[in-house]
Amino acid sequence: MIPWGYTVPAVAAVLAVVALELLALRTGLFRKPGYWITIAVVTGFQIPVDGWLTKTSRAIVRYAPEHISGLRFPWDIPIEDFLFGYALVTAVLLLWERAAQKEDPE
């Protein structure tokens, strides 16, 4: 397995989703305040849930140390979890936005 086997795919997922929007879909999602509010709400719920799941004192979900960067914030949440979460939510929203634009061309 490659070093940082969770970090590299997490960063790649974010880059792929941003590139998808900027180079292909061009939905304008990143310019919409509702998108950023959605990201804030998702992150707000992700912090307590993910924090509880990954707390180092009694982790339910454990990561192989050689496959993550070791950056944990806030509490004990691996930064990679936020990257994957952002990529996942953004990808879904981009596809919904694109489908809505195809249904209702202006």
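The values are calculated or read from the model by the stated rules, or taken from the named source; none is laboratory data. Note that the structure is a prediction, hence the values are computed from the model and not measured. Cβ: placed from backbone, ideal geometry, glycine included. Neighbour counts: every protein chain shown. Quick note on the areas: whole protein, heavy atoms, side chains included, nothing else; ligands and nucleic acids left out. Shrake-Rupley method; radii C 1.70, N 1.55, O 1.52, S 1.80 Å.
Summary of computed values
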item: Filter result (of a type in the set (D, E, K, R), surrounded by 13 or more Cβ atoms within 10 Å (Cβ to Cβ) and outside any loop (DSSP other than H, G, I, E, B)) within the stretch 2-47; result: E21
item: Hey, Y63 out of contact with any Lys or Arg (no Cβ under 6 Å at 6 or more places or on another chain), among the aromatic types (F, W, Y) and at pLDDT 95 or above or not; result: no
item: Tally, over the stretch 48-66, of residues that are in a helix (DSSP H, G or I) and open to solvent by 40 Å² or more (accessible area, probe 1.4 Å); result: 6
item: Pairs, first within 22 Å of I79 (Cβ to Cβ) in the stretch 25-43, second of a type outside the set (A, V, I, L, M, F, W, C) and surrounded by 12 or more Cβ atoms within 10 Å (Cβ to Cβ), C-beta under 6 Å, six or more apart; result: none
item: Selection status of A100, within 30 Å of T27 (Cβ to Cβ) and surrounded by 11 or more Cβ atoms within 10 Å (Cβ to Cβ); result: no
item: Qualifying positions in the stretch 67-106 - acidic (D, E), touching a residue at least 24 places away in the same chain (Cβ under 8 Å) and assigned to a loop (DSSP other than H, G, I, E, B); result: D76
item: Residues of the stretch 67-78 that turn out to be open to solvent by 60 Å² or more (accessible area, probe 1.4 Å) and of a type in the set (A, V, I, L, M), as a count; result: 1
